Ligand SMILES: Nc1ncnc2c1ncn2[C@@H]1O[C@H](COP(=O)(O)OP(=O)(O)O)[C@@H](O)[C@H]1O
Ligand SMILES: [Mg+2]
């Protein structure tokens, strides 16, 4: 297809997406996706200006680095200058461009060679910017491409204005756990199967992050590496700044056991113990548990605490396994497809319990699922594709579990 034709088509599609929006977040992230693809770029981001703090927040991004939850001062760096002045910047030689300071993308696995950054202007205010980084083929951006980005940003800004976007960015959160360039190989025949191909991801305190991706893309492998059930081949895993990249010693194993709670698709309850005893059993082997009865109450099963697993439904058994995870009073709960075996209504019950744990206890939950609908609950949605992080979206308007359906 002719370049011109491709650009017209992209503009049309973006317009379509933005003008018929149900979900503004989806429309904006979809538009970013479209423009990154049309311009064959390595990365892209949408930044919003928070007037209260006068800082720019990365709300959607695509590319190898995890910059979600990242913020920078208005007026600083390319993104800040574009937002402050309301004027586009195109950089084709960052090494020799005085406006360019190493930005968030440099040092996080992406060396900037060429960049377009355009303001989100809604006619009277600049409310942020859109940024596209590095052509995949190594060539530089040109004026026509800049213009396409400006069209897209103008459309986006107007849509945001019409929809009355209100965002409370809150305080910047602490990082609990970080994967840096994580690679995982499994032996396969004579060679190796590379399952994770350089994962960069931060998990923040008190957030509900959902990891989506098709079966076999590496979600469980990533989760298991964080949980210490598997080891990375290359790269780094930090939990609270401590390096867990090498096989555990005893002290680290103990720390991780107390720090993390696990929930799996299968409930793994002991059949000869009651619901309460299943939870007490775990409470007895950790340092700082909450009361087992309290954990059972939090998952709404006080009236069934003396039942054996076989006397409970699937959803109730899963709630016992959630109680077993929270009784440790963990900082981070890892949940791998916790509702995969449950029907919709039971899933909603279980997801409500998990969501309440995040909201009421400030416990961080990282949940893996192949069901994209479940992503709508999350604070952040991480998409994994073929061993890489395809995109990370900050979900500005999480739904309540009752609003889900599939
Ligand atoms: N222990 C293992 N040995 C060899 N290959 C594995 C092992 N575990 C997972 N894999 C392979 O790694 C890929 C990713 O698996 P997984 O992380 O379980 O994906 P997901 O959870 O996204 O469905 C799959 O191709 C799977 O077959
Ligand atoms: Mg899996």
Item to check | Hull shadow area, averaged, the chain [alpha-carbon convex hull, nm²] | outcome: 22.3 nm²
Checklist entry - Efficiency by 1/(1 + (r/R0)^6): what FRET value for residue 266 and residue 385, r their Cβ-Cβ distance, R0 = 22 Å, to the nearest 0.05? => result 0.25
Next on the checklist: Tell me the angle of helix 344-361 to the major Cα principal axis of the chain, expressed in degrees between 0 and 90 and rounded to the nearest ten.
Outcome noted: 80 degrees
Next on the checklist: If you fit an axis through the alpha-carbon atoms of helix 314-326 and take the longest principal axis of the Cα set of the chain, what angle between them do you get, 0 to 90°, nearest 10?
Outcome noted: 80 degrees
Checklist outcome for this item: With Cα coordinates, the longest principal axis of the chain makes an angle with the long axis of helix 250-259, in degrees rounded to 10, of 80 degrees
Checklist outcome for this item: Relative contact order in percent for the stretch 3-163 (Cα pairs under 8 Å, 6+ apart) equals 23 percent
Checklist entry - Stretched out fully, how many nm does the piece from residue 290 to residue 147 gain, at 0.36 nm a residue minus the Cα gap? => result 45.7 nm
Item to check | Helix-only mean residue ellipticity at 222 nm for the chain, each DSSP H run of n ≥ 4 adding -39500 (n - 2.57), per residue, nearest 500 | outcome: -10000 deg cm²/dmol
Item to check | Tail fraction, Cα-Cα pairs, the stretch 179-403, threshold 27 Å, whole percent | outcome: 33 percent
Checklist outcome for this item: To the nearest 0.05, the calculated FRET efficiency linking residue 197 and residue 15 through their beta-carbon distance, R0 being 25 Å, is 0.15
Item to check | Neighbour-count ranking [beta-carbon atoms within 10 angstrom, fewest first] of 214, 161 | outcome: 214, 161
Checklist entry - In nm, to one decimal, how far is the residue 362 label point from the residue 238 one, both placed 7 Å along Cα→Cβ? => result 2.1 nm
Checklist outcome for this item: Taking a label point 7 Å from the Cα of residue 308 along Cα-to-Cβ, the residues of the stretch 260-283 whose backbone nitrogen sits under 20 Å from it are 267-282
Item to check | Computed E for residue 95/residue 136 - FRET, C-beta separation, R0 22 angstrom, nearest 0.05 | outcome: 0.65
Checklist outcome for this item: Per GNM of the chain with C-alpha springs under 10 angstrom, the most fluctuating residue out of 198, 227, 216 is 216
Item to check | For the chain, built as a Gaussian network whose Cα springs stay under 10 Å, the top-fluctuating residue of 392, 348, 132 | outcome: 348
Checklist entry - Using a Gaussian network model of the chain with C-alpha springs under 10 Å, which one of 337, 150, 284 is most mobile by mean-square fluctuation? => result 284
Checklist entry - Using a basic spin-label model with each label point 7 Å from the Cα along Cα→Cβ, how many nm lie between residue 5 and residue 76? => result 4.7 nm
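Laboratory data are not the source of any read-out in this text; all were calculated from the coordinates shown. Remember, predicted model here, so these are calculated numbers, not experimental data. Cβ sites come from the backbone with ideal geometry, for glycine too, and all protein chains shown count toward neighbours.
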